[in-house]
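The values are calculated or read from the model by the stated rules, or taken from the named source; none is laboratory data. None of the values given here were measured: they were computed from a predicted structure. Here the Cβ is made from the backbone with ideal geometry for all residues, glycine too, and neighbour counts use every protein chain on show.
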Amino acid sequence: MKIEQLSDGIFEVIVDDKKILVTHNLCPGHSVYGERLIVVDGVEYRQWDPNRSKLSAMVLKGFDIPIEYDSHVLYLGAASGTTVSHISDILTDGLIYAVEFSSRTMRDLIMLCEQRPNVIPIFADANKPRSYAHIVEKVDVIFQDVAQPNQAEIAALNSKYFLEDEGHLMLSIKSRSIDAVSNPKKVFKEEVKKLEGAFGIEFEILQRKELDPFHEDHLGVLARLFVDENLKQQNSFKS
């Protein structure tokens, strides 16, 4: 088997002439959701299914993944922890704050965290970042995967509270959760426009691609928090 590193902690393994996306298993011998475990040169990896993970699909779509081994990440919409577990694999010296609002899936997430000390589960509504501001510190990356009609607003609110200057936002926009009847491309355009300054915070859109065939009517977005350098310098002089 051949293996190639795509970015920090993310690899591509060739098995029987088929390319498989994997992460280095933080908990050898244990799978999280029944995923395949693959050993290459004595090291165990976990298959990362793009049909079950928006972030995995974004990797395969050619996004530049800003998550590094020592990043601090805020994950909004963690669910039971499928994607969270792979980010956990990547963060060998980092930390992930995993926010989830469903009590049923939160139980699964807490069980995951018992084996993964770099994941902090937070039972909260992503619409209310103030409710967990006493737990979450500034982060390098926010990843958001929530099925809410105000997805851009949630991203902006949390970025105001938690995202470092020039930090990155990775967002999976679900058009049907915003408007079930409008053309998804129209919905995507409107949501991206909101990110460019509709909520008192501005992002520079770095990449945007639809996530089909893995996730229909979903748009992946990579953005960077825009910081006005002139205003930043003025504030530093005042302080």
Complete set of residues in segment 80-114 that are surrounded by fewer than 21 Cβ atoms within 10 Å (Cβ to Cβ), under 21 Å from SER159 (Cβ atoms) and of a type in the set (A, V, I, L, M) = LEU95
inquiry  = Is it the case, given these coordinates, that ALA126 is crowded, with 19+ Cβ neighbours inside 10 Å, modelled with pLDDT of 95 or more and under 19 Å from TYR69 (Cβ atoms)?
reply    = no
Restricting segment 102-117 to residues that are over 14 Å from ALA78 (Cα atoms) and not charged (D, E, K, R), the residue that is modelled with the highest pLDDT = PRO117
ask   = Only one of (1) in a helix (DSSP H, G or I); (2) over 29 Å from GLY167 (Cβ atoms) is not met by GLY34, so which one is it?
value = (1)
request  = Could you tell me whether any residue of segment 155-167 is more than 15 Å from the chain's Cα centre (by Cα) and of a type in the set (A, V, I, L, M, F, W, C)?
outcome  = yes
remark   = Exactly one of LEU163, LEU211, LEU225 is touching a residue at least 40 places away in the same chain (Cβ under 8 Å) and under 25 Å from PRO50 (Cβ atoms), and that residue is LEU211
task = Give the residue that is surrounded by the most Cβ atoms within 10 Å (Cβ to Cβ), with candidates limited to residues of segment 26-66 that are among the polar types (S, T, N, Q) and in contact with a strand residue (DSSP E or B) (Cβ under 7 Å, 6 or more places away or on another chain).
result = SER56
message = With over 24 Å from ASP179 (Cβ atoms) and touching an Asp or Glu at 6+ places or on another chain (Cβ under 7 Å) as the only criterion, which of MET106, MET111 stands out?
response = MET106
task = Among the residues of segment 131-153, count how many are part of a helix (DSSP H, G or I) and over 19 Å from LYS54 (Cα atoms).
result = 3
Any chance ILE20 is free of Cβ contacts under 8 Å to residues at least 40 places away in the same chain and part of a helix (DSSP H, G or I) = no
Helices (runs of 4 or more DSSP H) contained entirely in segment 154-239, each with at least 1 residues that are surrounded by 17 or more Cβ atoms within 10 Å (Cβ to Cβ), touching a helix residue (DSSP H, G or I) at 6+ places or on another chain (Cβ under 7 Å) and modelled with pLDDT under 95 = 184-195
note = In segment 54-65, anything in contact with a Ser or Thr (Cβ under 6 Å, 6 or more places away or on another chain) and either outside any loop (DSSP other than H, G, I, E, B) or not assigned by TED's automatic domain parsing to the domain that holds LEU109 (or both) is listed as LYS54, LEU55
